[in-house]
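For reference, the structure discussed in these notes is given below.
Please treat every number below as a calculation from the coordinates, not as lab data. Please read these numbers as outputs of a predicted model, since none were measured by experiment. Quick reminder, even Gly has a Cβ in these numbers, built from the backbone with ideal geometry, and neighbours come from all protein chains shown.
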DNA sequence: CTGAAAGCGCTTACAG
DNA sequence: CTGAAAGCGCTTACAG
């Protein structure tokens, strides 16, 4: 007997198991389809007695409305997509959570995925979300060409970029003040007497990396310090490369006395390397991280507010979904310098 | 003219903007609906010439298949739901990412949300995902009664629990060896000469917290050490409570000489408190965390593999979706003691 | 207060 | 090789 059921399942394509539908409920309650719909959706105009019968049938059958079908008819899916770089990166945790909370407040679910910093995967994921007809999209770009989203946006998919701007299209974007934050962080090192300052950042094609490098250059120029080529290293943030870069800057006759790191992953690796040196090297890192205050010395950072980035982007998205007019905007959030010791070390000659 | 378009949008309920459908493509290409479907899905039996005409129409109209409609007809949504405690918690980042990778390998999207440790919110979220007809569900329970999922599971929603077992229902579950890990960690402290050892953990209603406390008790009992009431503190993991608990254990005539902490959030707070004391207090924490090796002393931990938890759970889920038979299983993953210094400090008398 | 018909955008099952 | 009809499970627009 269970076997027969199984085969029946397969025969109808195992369609959602064997779930009862509104039609089943209507039949059992002896009412029309529309009446069931009214009860399920809390619409008015049903006598208490009818409603009771419908509710009993729902209970008895274990009916749950198929939102997937509802969505098809209504035209809005009450879900938004989030494309980020890596769900496992601690920077994106609070950002995702903030987007989720805003979505929740608007009764929407969140579908998300990681691009793994691969532009092709970003596109694949973003378009899959569009095919699901998410109402809107929050994207942390991996690539720098987003023209593939143009038809989708034109077709009505609200889209907001966060952390990095879109490439090749005009769209709302929420950014941290990467340039200003880096400039302030480097100026802080200069104010503490450093002149030979290294910069270790992410790949230059990533917008945030380029902006932070620009901030570094600006601070140095403002102080009238010429920058040596060997003081700048941009590339992948894997520990091996960052370690090599750090060691090179600390070698030679005129080693750097301070390092500015371009993001949290770089910072962490540089801390490990510096721990192996006897001479103190000053450090300011972009991005705050847990326990930065408990290390010795505490790590001075330029902090950005990941949750605020996510919240601002999601708010903007729902404003657009609610029909907010106007051309795409660029929203820039300030950063904050947090001094904890490592950035206040004097230069070791 | 744009205004007219706008009004038209509203009139039809702003249905996915104004997206072209297969019907539009068919009309433009001068073929039947089914032929468009064949081309879009790469099914055989279309002459090259017909295919070309269809592709041109698709291109010209900017058509993208509505997977939401497809799903309704096919019965499987190619998406799975993940209910976790907090997207922003660093422990769940790698776990989510692992689930995502497995889903991706199976061509499924991931819909996820945070329960915020609130049983009601967990239920609301899990049922919303069921209403969307996700094919399966990975749940990190907040509550301890999951009977509300019984009708869903019976209706065919594959469900796997991770990190904590389900309550009131029989379901697949993937756990760390919380009992064994905690017992080993406490035994490690005992082996280093400690007898007065404190335990600070999460709320006792949370399964992992209870299991880890059980491990603590077992280790103490194995060593023949009677446990004083004041040595155990379970409750919310907010810094204020944990700080108070730590301070109380360190006060009085017979203070603890070592602390075992029940999870990463507790550990981090206890480290902050211990940093304020002159006398050294040994510490072993459940859960590894970034930079644990760079603190002074390095923090000895009982590490669990969050990514492996997620991967194992997702693998199990897709096995079930592929028809794997058998009764629900309990999979337990080992933990690993990582010594870094804090757990090897001798007792200060 | 209630319900039958049409339709959302696809796929399935079938016939030519 | 191609396509018309029916249907997935709901909601919409309308009529009684």
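Residues within the reach of a label modelled at residue A:319 (point 7 angstrom out along Cα to beta-carbon, backbone nitrogen below 19 Å), restricted to the stretch A:174-191, are A:174-177.
Each copy carries a label point for residue A:51 at 7 Å from Cα toward Cβ; from one copy, the others' points are 5.7 nm away, ordered from shortest. To the nearest Å, what is the center-to-center distance of the stretch B:46-62 and the stretch A:16-63, using C-alpha atoms only? So the two Cα centres are separated by 44 Å. When B:118, B:170 are arranged by Cβ crowding within 10 Å, least crowded first, meaning fewest neighbours, the order is B:170, B:118.
Taking every alpha-carbon pair under 8 Å whose residues sit at least 6 apart, chain B reaches a relative contact order of 16 percent. In the assembly of identical copies, residue A:326 has its label point, taken 7 Å from Cα in the direction of the beta carbon, separated from the corresponding points by 5.8 nm (ascending, one decimal). By DSSP, the beta bridges lying fully in chain A are antiparallel in about 10 percent of cases.
Angle check, please: helix B:48-61 long axis (alpha carbons) against the longest principal axis of chain B (alpha carbons), in degrees 0 to 90, nearest 10. Taking Cα atoms only, the helix is inclined about 70 degrees.
Here residue A:337 yields copy-to-copy label distances, from shortest upward, of 4.7 nm, the label point defined as 7 Å from Cα along Cα to C-beta.
For chain B, the longest principal axis of the Cα atoms and the long axis of helix B:264-274 meet at an angle of about 40 degrees. Taking the DSSP bridge list for the protein assembly as shown and keeping only pairs wholly inside it, about 10 percent are antiparallel. What the Cα atoms of the stretch A:178-305 give is an Rg and a Dmax of 13.0, 39 Å. Summary of the geometry: the stretch A:85-119 and the stretch A:229-270, compared by the centres of their Cα atoms, lie 30 Å apart.
With axes computed from alpha carbons, what is the tilt in degrees of helix B:239-250 against the longest principal axis of chain B, rounded to the nearest 10 within 0 to 90? That works out to roughly 20 degrees. Springs between alpha-carbon atoms under 10 Å, Gaussian network over chain B: tell me which of B:20, B:328, B:44 tops the mean-square fluctuations. In this elastic network of chain B, the residue with the biggest mean-square fluctuation among B:20, B:328, B:44 is B:44. The mean sequence separation of alpha-carbon pairs under 8 Å and at least six residues apart, normalised by the residue count of the stretch A:178-305, gives a relative contact order of 28 percent. Using alpha carbons only, the radius of gyration of chain A set against its Kirkwood radius gives Rg/Rh = 1.16. Dividing the convex hull volume of the alpha carbon atoms of the protein assembly as shown by its residue count gives 195 Å³ per residue. Between residue B:333 and residue A:244, the simple label model (points 7 Å from Cα in the Cβ direction) yields a spacing of 3.2 nm. Largest GNM mean-square fluctuation across B:320, B:154, B:53, computed for chain B with C-alpha springs under 10 Å, falls on B:53. From its DSSP helices (H runs of at least four residues, each -39,500 (n - 2.57)), chain A gives a residue-normalised ellipticity at 222 nm of -13000 deg cm²/dmol. Annotation: the residues B:35, A:246, sorted from fewest to most other C-beta atoms within 10 Å of their own C-beta, follow the order B:35, A:246. A straight chain from residue A:59 to residue A:18 at 0.36 nm per residue would run longer than the Cα-Cα distance by 13.2 nm.
Label reach from residue A:308 (point 7 Å along Cα→C-beta): in the stretch A:174-193, amide nitrogens under 20 Å belong to A:174-188. Considering only B:175, B:61, B:333, the Gaussian network model of chain B with Cα springs below 10 Å gives its largest mean-square fluctuation to B:61.
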